[in-house]
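Undergrad: This is the structure I want to talk about, given as structure tokens.
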Amino acid sequence: MIFNINRKKGFVIISVAIVTALIPILITAFELITTDKESVVFLEEYPASIGVLILLYYVLLIVLLLFWFLKQVISFFNLKNEKAKTELLHLKSQVNPHFFFNTLNNLYGLVGTDTKKAQELILKLSDMMRYSIYEGEKEVVTLKAEVDYLNNYIALHKMRYHKQIDVKFEAEIEDDYKVMPLLFIILLENAFKHGIENLSKGAYVYINIKTIDNKVFFEIENNFDQTLPKEDKGIGLKNLKRRLELVYPKKHTLSFSATENVYKAKLTLQL
């Protein structure tokens with residue numbers, strides 16, 4: 001409704017401007033038709049003060065039109081920005097249910113077999129939920145907070161596994177660097193889901209994150225069972241790519257590679 005009203009107002013303003021601009025031409029044409037003159041000077045028979053007033057009127061009209069046009073341009077970009085923010089909030093809201101759905105499924109089977117361990121997992125999960133709810137809604141968080149969040153995720157999974165897994169996480173970061181929250185968790189989750197979850201032994205995940213000259217370098221590597229059919233990575237990676245496009249346009253690179261049974265993902269952010 002608002003959009004339609006704005007369109008009507010714009011149409012009225014443009015129509016008035018066109019009609020007003022045509023008035024001198026119409027008056028001149030009328031004088032040429034109704035007199036024997038071969039040429040006519042607009043308002044030549046009127047006092048100079050009238051000419052000045054009309055000139056000021058047209059200057060004012062031009063200024064108002066420029067102001068209106070500038071306002072429309074600003075409104076357009078504000079609307080575009082609001083749409084981007086709305087889409088980003090929607091994408092962020094998809095991260096948490098996707099992650100917690102998988103984790104709650106894992107907890108379901110553990111409750112009946114090891115109550116104490118299940119309680120520990122629930123406490124760990126509640127800490128992660130608190131972070132994702134209160135920090136995840138922010139535009140940026142410290143990189144250290146994101147690293148702590150990833151470490152909690154790793155600790156949670158180590159607690160629930162009954163098999164030996166090799167997880168190494170190396171972090172060399174500047175504490176004051178800030179990034180969009182809940183970025184790296186998607187890549188880490190995929191490494192566990194498509195790697196460790198499907199391997200009975202020899203499973204590993206190696207993570208490295210470092211900062212150099214206002215850049216963040218994140219690399220993750222995991223092995224997987226190449227005999228299993230390839231799975232669709234689902235909403236997670238699509239979500240990640242779109243969020244990067246919205247927040248770090250032309251300031252990020254995201255690449256993937258698979259060699260035999262090893263999968264690697266690399267993400268670079270220019271801050």
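A short reminder: the numbers here are calculations on the coordinates, not readings from a lab. Quantities reported herein were computed from a predicted structural model and do not represent experimental measurements. Positions of Cβ are backbone-derived with ideal geometry, glycine not excepted, and every protein chain shown enters the neighbour counts.
Undergrad: Take the Cβ-Cβ distance between SER126 and GLN164 as r, set R0 to 35 Å, and report the resulting FRET efficiency rounded to the nearest 0.05. Walk me through the numbers before you get to the answer.
TA: On the way: r = 27 Å, r/R0 = 0.77.
FRET efficiency, SER126 to GLN164: 0.80.
Undergrad: When only C-alpha pairs under 8 Å and at least 6 residues apart count, what is the relative contact order of region 115-270, in percent?
TA: Relative contact order, region 115-270: 20 percent.
Undergrad: Principal axis lengths of region 100-193 from Cα atoms, whole Å, largest first?
TA: Result for region 100-193: principal-axis Cα extents of 43, 28, 20 Å.
Undergrad: Take every DSSP beta bridge whose two residues both sit in region 115-270, then give the antiparallel share in percent to the nearest 5.
TA: Working: 27 of 35 bridges.
Roughly 75 percent of the beta bridges in region 115-270 run antiparallel, per DSSP.
Undergrad: May I pose another question? Rounded, prolate or oblate: which fits region 115-270 when a ≥ b ≥ c are the square roots of the eigenvalues of the alpha-carbon gyration tensor, with rounded for a/c under 1.5 and prolate only if a/b beats b/c? Could the numbers behind the result be given before it?
TA: On the way: a/c = 1.72, a/b = 1.18, b/c = 1.46.
Because a/c hits 1.5 or more and a/b fails to exceed b/c, region 115-270 counts as oblate.
Undergrad: Now for a different question. Using the structure shown, list the pairs from LYS124/LYS264; LYS117/LYS144; LYS238/LYS266; LYS201/LYS241 with a Cα-Cα distance above 22 Å, or answer none.
TA: Where the Cα-Cα span goes over 22 Å, the pairs concerned are LYS124/LYS264; LYS117/LYS144; LYS201/LYS241.
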